[in-house]
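The values are calculated or read from the model by the stated rules, or taken from the named source; none is laboratory data. Everything numeric in this text was worked out from a predicted model, so none of it was measured. Here Cβ is always computed from backbone atoms with ideal geometry, including for glycine, and neighbour counts include all displayed protein chains. Ligands, DNA and RNA are stripped out before the accessible areas are found, and what is left, the full protein with its side chains, is counted by its heavy atoms. Shrake-Rupley method; radii C 1.70, N 1.55, O 1.52, S 1.80 Å.
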Amino acid sequence: MAGKSKGKQETFIRELLFILAVTIAGFALQFVIGTLDFAIFAWPVNIVLAATLLALAFVKPDSFVGKFGSGRVSVILLVSITIMSVYMGLVPGNDVKHSWPFAFTYLMIMANLALTIGRRLRNFKLKRDYSFMLNHFGLFLLLVAAGPGSADMQRYFMRVAEGQTEWRGEGEGSQTPKELPLAITLNDFSMEEYSPRIALIDKTTGDTQPLGKPSLIECEEGSEGLISEWSVVVDTFDYRPRMAPRAYITATNKAGNSVVSGWVSCGNHFQPFSVLDISGNLCFAMTFPEPKKFTSDVVVYTKKGVEKKGVVEVNSPLTAGSWKVYQYSYDTRAGRDSEISVFELVYDPWIIPVYAGIILVMLGSLTLFWRGGKKE
Amino acid sequence: MSWSEFIYFAAGSLILWYSGTLALYKSKKAMWGNLLIAGGILLFAAFIGLLWGSMDHPPLRTMGETRLWYSLFIVLVGYATYLRWKYKWLMAYSVVVSTVFVLVNLLKPEIHTTNLMPALQSIWFVPHVTVYILSYAMMGAATIAALIALWREEGKEGELFALIDNLIFIGFGFLIAGMLMGAIWAKEAWGDYWTWDPKEVWAFITAASYLVYLHASYANISKRKALIIIPLAFIMLMITWLGVEYLAVAQESIHSY
């Protein structure tokens, strides 16, 4: 018994040392060549890598390589990737996700998963292993497609003015426009807003009153409410195209019986704001209207001759061929009067395996509710 | 219905929950306790329902609103676990934790923003957040159970191991479901399912920590020693939920509303 546990301890240390060595090699590479250029995984490298990893499932579990699929190894790898992620989550401006040690650990996790899936497959019993397979194969698929697979992803930003057609876009962080395989005509950009609100503000600090529990009144004609000891009525609300919203309000102080009234406006890119002073420090002001919904009516053309008319809005992208068009932004200075729309264009050929992995793990998580802590 | 009425509903629910839990301990018939606790749950749920109705969107956006759901779910989970395993202490604990969150909501509401920005207007919004909060509630219960098991002498943990494993497995299922729904939503809203945004990084750390616990037995870590991982993982969970916005990295986050 003692000998067996000593043997186990030795394997554990061997595995630990191996993982440590690979991680240190990662640090060495990081030191010598710097940040990992993710583009090296682009097609066909990623598919070859995926096939190689999958082939690991056929390695004999007792062989030298096969032992790397053990549960001990997975625990070491999980601890290791957790530590790296804590660094990623604490230190601002780090680039751990594009570092060699992180990539190597990610690679070892995929290898560990492939090997352990292979071991289970050799002695597969549906009733015992279905939960294991959904979770582990699903995760494997997800890691491969979202990791090396994502090197094939392309994303660009495109600004289009109303009535114009654009086919050039800029990559992330790049300022040089590039000709893209698709073009967009913007027929119309439109925007709905939430009503702006009336707030009582301390001019010296900018704090909204009452402190800590600010209360705000919707700017609509006739709306009323209580802010601190002031009862406020919105007498008129006026918001014409291209003009800043403005409201005529009357505020009555409950204690002092004093009444103030006047125009307030949040202003816009060419009109100044105006506030209603009530004392040396306090004034009523209007908040900027927040966007509720912004929509672009577009036609998308691809080089292959696909022509697609549709509406793009946040949370509802438009698919054209293998590209997806997302509503990204607009001229925020002009707000609802914006005459341009900014789109994000994404080409993501691995999205199907990503979704397949997500669905498998999702089903796997359902099996966890069903089985609870029952051991296999 | 608005937040100003919250105090009455909250006070009513807490009184029902405390007296119900007390009845579980004192009364021979479990019926009284069950009735009181269920009444408290209904009252609290009624407030959420009415608030939802008056806001036109689910109250799941601000921190105060998520705490509101947590206050309810922690009691629901505690009660369901009590029904299954007959642990009265777990019921009592969940009522105490719920009280803490109710008090936080009364004293530091953080409830003033009610306009829903476009990225949040999605069918994934409600399931993503509720499933996460349900998971947090189960993990919270598991953490307390783990601390109690650790506090007891070795070998006297009783059925706690089974309870903890149940809570962690089920809670982990919810955790992963919440994360994956978030990924699908992110793809629809931002064009990418995973960007290592600070909130995502911490969600990943949380999930990985619980995975260490779930796999610990394969690394010859004894059940008792593995219990230490649970409170550690729960700290990660708390950072994910409440702490991220206070970290220096939060400025890079697209998850701050």
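A few remarks follow.
- Only residues that are small (Gly, Ala, Ser) and not in a helix (DSSP H, G or I) were counted across the stretch B:1-56, and they come to 2.
Rundown of residues vs (1) within 9 Å of another protein chain (Cβ to nearest Cβ); (2) acidic (Asp, Glu); (3) assigned to a helix (DSSP H, G or I), yes/no style:
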position: B:115; (1), (2), (3): yes, no, no
position: B:122; (1), (2), (3): yes, no, no
position: B:127; (1), (2), (3): no, no, yes
position: B:136; (1), (2), (3): no, no, yes
position: B:140; (1), (2), (3): no, no, yes
position: B:143; (1), (2), (3): no, no, yes
position: B:146; (1), (2), (3): no, no, yes
position: B:156; (1), (2), (3): no, no, no
position: B:186; (1), (2), (3): no, no, yes
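- Scanning the stretch A:302-316 for residues that are buried (at least 19 other Cβ atoms within 10 Å of the Cβ) and in contact (Cβ under 8 Å) with a residue 24 or more places away in the chain returns a single hit, A:312.
- Failed criterion for residue A:57 (all others in (1) surrounded by 17 or more Cβ atoms within 10 Å (Cβ to Cβ); (2) farther than 19 Å from residue A:151 by Cβ; (3) within 14 Å of chain B (Cβ to nearest Cβ) hold): (3)
- Which numbered condition residue A:25 misses (of (1) within 14 Å of another protein chain (Cβ to nearest Cβ); (2) more than 17 Å from residue A:119 (Cα to Cα); (3) in a helix (DSSP H, G or I)): (1)
- Residues in the stretch A:20-39 that are over 22 Å from residue A:83 (Cβ atoms) and either open to solvent by less than 50 Å² (accessible area, probe 1.4 Å) or of a type outside the set (A, V, I, L, M, F, W, C) (or both): A:37 only.
- Selection from the stretch A:126-150 of residues that are at pLDDT below 95, of a type outside the set (Ser, Thr, Tyr) and open to solvent by 40 Å² or more (accessible area, probe 1.4 Å): A:126, A:127, A:128
- Restricting the stretch A:78-96 to residues that are small (Gly, Ala, Ser) and either surrounded by 22 or more Cβ atoms within 10 Å (Cβ to Cβ) or touching a residue at least 24 places away in the same chain (Cβ under 8 Å) (or both), the residue that is farthest from the other protein chains (Cβ to nearest Cβ): A:80
- Single match in B:29, B:108, B:88 (criterion: under 21 Å from the mean Cα position of the chain (by Cα), of a type in the set (D, E, K, R) and under 29 Å from residue B:162 (Cα atoms)): B:88
- For residue A:75, the stated conditions do not hold, so it cannot be described as open to solvent by 30 Å² or more (accessible area, probe 1.4 Å), facing chain B (nearest Cβ under 7 Å) and among the β-branched types (Val, Ile, Thr).
- Residue B:175 vs. criteria open to solvent by less than 10 Å² (accessible area, probe 1.4 Å) and either modelled with pLDDT of 90 or more or not in a helix (DSSP H, G or I) (or both): yes
- Condition check for residue A:329: modelled with pLDDT under 95 and more than 30 Å from residue A:290 (Cα to Cα): no
- Count of residues meeting criterion [small (Gly, Ala, Ser), open to solvent by 40 Å² or more (accessible area, probe 1.4 Å) and in contact (Cβ under 8 Å) with a residue 12 or more places away in the chain] in the stretch B:1-37: 2
- When the stretch B:200-210 is filtered for residues that are within 9 Å of chain A (Cβ to nearest Cβ) and either of a type in the set (A, V, I, L, M, F, W, C) or surrounded by fewer than 20 Cβ atoms within 10 Å (Cβ to Cβ) (or both), the ones remaining, listed by number, are B:201, B:202, B:204, B:205, B:208.
Residue by residue, here is whether (1) among the polar types (S, T, N, Q); (2) facing another protein chain (nearest Cβ under 9 Å) holds:
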{"position": "A:337", "(1), (2)": "no, no"}
{"position": "A:350", "(1), (2)": "no, no"}
{"position": "A:367", "(1), (2)": "yes, yes"}
{"position": "A:373", "(1), (2)": "no, yes"}
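- Residue match in the stretch B:86-106 (condition: free of Cβ contacts under 8 Å to residues at least 40 places away in the same chain and crowded, with 17+ Cβ neighbours inside 10 Å): yes
- Evaluation of residue B:154 against (1) among the acidic types (Asp, Glu); (2) over 30 Å from residue B:251 (Cβ atoms); (3) buried (at least 19 other Cβ atoms within 10 Å of the Cβ) (one fails), failing number: (3)
- Pairing residues of the stretch A:241-260 that are at positive phi with residues that are open to solvent by less than 80 Å² (accessible area, probe 1.4 Å) and not polar (S, T, N, Q), at Cβ distances under 9 Å and at least 6 apart in sequence or on separate chains, gives A:242/A:334; A:242/A:337.
- For residue B:43: the one exception among (1) open to solvent by 30 Å² or more (accessible area, probe 1.4 Å); (2) out of contact with any Phe, Trp or Tyr (no Cβ under 7 Å at 6 or more places or on another chain); (3) hydrophobic (A, V, I, L, M, F, W, C); (4) under 30 Å from residue B:26 (Cβ atoms): (2)
- Residue in the stretch A:326-340 that is free of Cβ contacts under 8 Å to residues at least 24 places away in the same chain and surrounded by 19 or more Cβ atoms within 10 Å (Cβ to Cβ) present: yes
- Of all residues in the stretch B:188-199 being outside any helix (DSSP H, G or I) and more than 8 Å from chain A (Cβ to nearest Cβ), the one that is most open to solvent (accessible area, probe 1.4 Å): B:195
- The condition (being without any contact (Cβ under 8 Å) to a residue 12 or more places away in the chain and closer than 30 Å to residue B:106 by Cβ) is satisfied by just one residue among A:218, A:229, A:224: A:224.
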